[in-house]
Amino acid sequence: MKKFVICIALFGLVGLTACTNESPTPKPVPTVVPDEWSVATLTVSDPAPLVGATVQVQALIYNNGAQADNGTTVTFTASSGAFGDGSTETTADTQSGRALVLFSADEAGNYVINAQVQTASKSVNVSYQGLGGDALQIYQ
C-alpha cells in the first residue's frame, strides 16, 4: 500500500508540473547577421590625365544598405604610381559614406586602383598620357 501511495503522489506531481506554464523552456538563440559591406562606386576625377597630374579617387561605401558611418576605414592600393603619401597603399576614413584620396603617376601607362572595405572591393583604371611630340613645351 505504501508503494501505491508513493506512485499516486509521484504521478500527481508530474501531472501538476506538466499542466503549469512555469515549466522551463529554452529561450531562442539570437541570430547573428554579418555586416554586408559594398563599394558602391569608385570614381576618378580624370580617367586619362597627363603624366604628373594629380587625380582624386573617391569611393562610396555602404554597410547593410546604408551609407557607411563616418570614420569607416577604406584601404586604397595601386598597381604603381603614388598616393598623396608617396606609397602605393594608403587608407582614408569615410565622411558621409565617401572616402577620398589623391593619386598621381610620373610615367605614362595604365594604373589600376583598388578600394577595399572589409571583404568588399572595387577597381578603377587610370590611363596616364605622356606629353607627345605635339605638346606645347616652353623653354627659358
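The values are calculated or read from the model by the stated rules, or taken from the named source; none is laboratory data. Please read these numbers as outputs of a predicted model, since none were measured by experiment. Reconstructed Cβ throughout: ideal geometry from the backbone, glycine too, with neighbour counts over all protein chains shown. Areas reflect the complete protein model, heavy atoms only, side chains present, ligands, DNA and RNA absent. Shrake-Rupley method; radii C 1.70, N 1.55, O 1.52, S 1.80 Å.
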Looking only at region 80-97, decide whether some residue is open to solvent by 20 Å² or more (accessible area, probe 1.4 Å) and either within 13 Å of residue 43 (Cα to Cα) or among the aromatic types (Phe, Trp, Tyr) (or both).
no
Find the residue count for region 85-111, including only residues that are acidic (Asp, Glu), over 14 Å from residue 58 (Cα atoms) and out of contact with any Phe, Trp or Tyr (no Cβ under 9 Å at 6 or more places or on another chain).
1
Leading residue by the ranking (surrounded by the fewest Cβ atoms within 10 Å (Cβ to Cβ)) among those in region 48-68 that are over 16 Å from residue 96 (Cβ atoms) and either free of Cβ contacts under 8 Å to residues at least 40 places away in the same chain or touching a strand residue (DSSP E or B) at 6+ places or on another chain (Cβ under 6 Å) (or both)
64
Exactly one of these conditions fails for residue 119: (1) touching a residue at least 60 places away in the same chain (Cβ under 8 Å); (2) surrounded by 12 or more Cβ atoms within 10 Å (Cβ to Cβ). Give me its number.
(2)
Which condition breaks for residue 70 when tested against (1) out of contact with any Ser or Thr (no Cβ under 9 Å at 6 or more places or on another chain); (2) assigned to a loop (DSSP other than H, G, I, E, B); (3) under 14 Å from residue 117 (Cβ atoms)?
(1)
